[in-house]
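Here the structure is laid out as structure tokens; the discussion comes afterwards.
The values are calculated or read from the model by the stated rules, or taken from the named source; none is laboratory data. No experiment lies behind these values; they were computed from the predicted model shown. All Cβ positions, glycine included, derive from the backbone under ideal geometry; neighbour counts span all protein chains shown.
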Amino acid sequence: MEEIKRLLEKASVDYVEIHIEEYEKSYVDFNGKVLKSAGKSYGMFGNIRAFHRGGWGFSSFTELKGLEKKLREAEKMARLTSSKKGGLKSLKPVKKTVRIRLPDDPRRFSLEEKKQLAEKYNKILLSNKGVFNTVVGYLDHFDRRWIFNTEGTEIMEERIYTGVRMTAFARDGTNVQTAFDSYGEQEGFNSVTSLERMAEDVAKIAVDLLKAEKVEGGKYTVILDPKLAGVFIHEAFGHLSEADFVFENRKLFEIMKIGKRFGPDNLNVIDDGKMYGLRGSYHFDDEGTPARKTYLIKNGKLTGRLHSKETAYLLGEEPTGNARAIDYTFPPIVRMSCTYIDNGDTPFEEMISDIKKGIYAVAAYGGQTELEMFTFSAARGYLIENGKIKKMLRDVVLTGNVFETLMNIEMIGNDLHLFGGLGGCGKNGQAPLPVSDGAPHIRIKDVIIGGEK
């Protein structure tokens with residue numbers, strides 16, 4: 001630390017950050033009955049990032065020797081890329097140490113115990129008639145990061161993730177269906193030792209999808225479950241709230257005007273990195289800015305966006321603690337943390353009670369967004385008829401304009417739930433970044449569902 005402080009005193013540009021990262025992880029992966037991989041890995045790496053009059057320089061390293069040479073490389077690149085414009089929002093220096101203390105820290109458990117756990121869930125999946133293949137994984141990842149900068153910030157923060165993912169493949173002739181689920185948060189080993197019900201549900205859903213009817217295409221009143229609604233708000237709106245994207249896209253800049261109405265009065269969309277324990281949470285982002293709760297939409301109107309120090313300067317706003325990097329090989333960019341639609345007050349039973357014909361869309365397989373347009377595939381759906389949930393449906397694809405869809409929200413449930421898992425967010429080649437997203441149940445009118453006519 002003393003050497004790094006002396007190095008920062010030698011900086012010859014506007015601003016310098018030094019990041020050191022130490023990690024330790026264990027992993028187990030099954031494919032069908034075969035144990036494909038299991039092991040542990042360790043590492044200690046870092047990078048130096050320099051800023052000078054609008055230009056950035058970046059240099060990563062795998063050993064702590066020769067840091068002054070790396071500093072000079074980063075400074076040289078910053079001068080070369082300088083636009084002589086721009087700047088960074090300066091912050092008060094932070095000196096803080098954040099350590100994890102878990103009685104069931106996964107590092108205390110053997111690799112054999114972790115292998116037995118994954119094998120237990122894999123056997124549950126394979127025991128279901130109709131399931132012909134599986135993919136099951138266990139992962140724990142401990143991360144310790146130091147951040148030092150020329151403002152005087154000195155931070156060390158520890159984080160740890162523990163999770164399990166499960167996929168079941170079912171087949172009936174040429175009809176093949178898949179079901180998937182994952183659990184992963186900043187919790188200990190015991191958080192993933194009792195997921196038998198999850199495994200049973202994954203296997204059952206995969207088999208049930210073999211008999212599910214294909215959805216009939218059309219325009220419906222749709223209820224999104226908390227998982228799908230969370231993915232929707234993350235992908236279709238959260239990325240539009242990342243200030244680097246807003247600044248670089250003039251069309252989006254005109255659309256995303258602070259104060260503009262984007263939904264009903266009871267719509268509140270929040271990004272909150274301080275929801276400690278969730279996978280997307282942290283105390284400090286990778287620029288040393290404290291995590292915070294940011295309302296993106298409040299009472300239906302756009303009230304904020306997500307920032308790094310640079311985008312806050314460029315747009316004349318305040319840093320929000322959303323500059324994040326997946327690891328030492330990348331510089332921090334503006335990313336989400338825990339993004340969700342806040343609770344409303346409508347019970348689920350009331351939501352479906354007056355729907356004559358609608359769709360209940362559950363979970364998400366993925367999707368695409370192109371500015372304000374989106375396409376999402378639900379993991380499965382159910383027909384709603386006369387206020388009752390009926391038969392299972394498959395191939396449920398939702399399409400539309402995110403701004404129109406937000407304005408078409410009719411009801412917001414009172415059952416908010418956020419999800420982490422072992423997936424993550426991707427942007428500019430950095431994936432999977434640990435994030436969380438969620439929502440209560442959401443009812444939306446006039447949603448276009450692709451399918452058979």
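For the stretch 388-453, which strands (runs of 3 or more DSSP E) that fit wholly inside it have 2 or more residues that are assigned by TED's automatic domain parsing to the domain that holds ILE233, touching a residue at least 40 places away in the same chain (Cβ under 8 Å) and over 18 Å from HIS239 (Cα atoms)?
On the way: elements: 388-394, 397-401, 409-412, 417-419, 425-427, 430-433, 436-439, 442-450.
Correct list: 388-394, 397-401, 409-412, 442-450.
In the stretch 40-56, the condition of being assigned by TED's automatic domain parsing to the domain that holds PHE148, touching a residue at least 40 places away in the same chain (Cβ under 8 Å) and within 30 Å of THR134 (Cβ to Cβ) is met by at least one residue.
Only one of the numbered conditions (1) of a type in the set (D, E, K, R); (2) more than 30 Å from ALA203 (Cβ to Cβ); (3) assigned to a strand (DSSP E or B); (4) more than 29 Å from the chain's Cα centre (by Cα) is not met by GLU151, and that is (3). The one condition from (1) part of a strand (DSSP E or B); (2) of a type outside the set (A, V, I, L, M, F, W, C); (3) touching a His at 6+ places or on another chain (Cβ under 9 Å) that ASP181 does not meet is (3).
The set of residues in the stretch 302-325 that are among the hydrophobic types (A, V, I, L, M, F, W, C) and in contact with a Pro (Cβ under 6 Å, 6 or more places away or on another chain) comprises ALA312, ALA323, ALA325.
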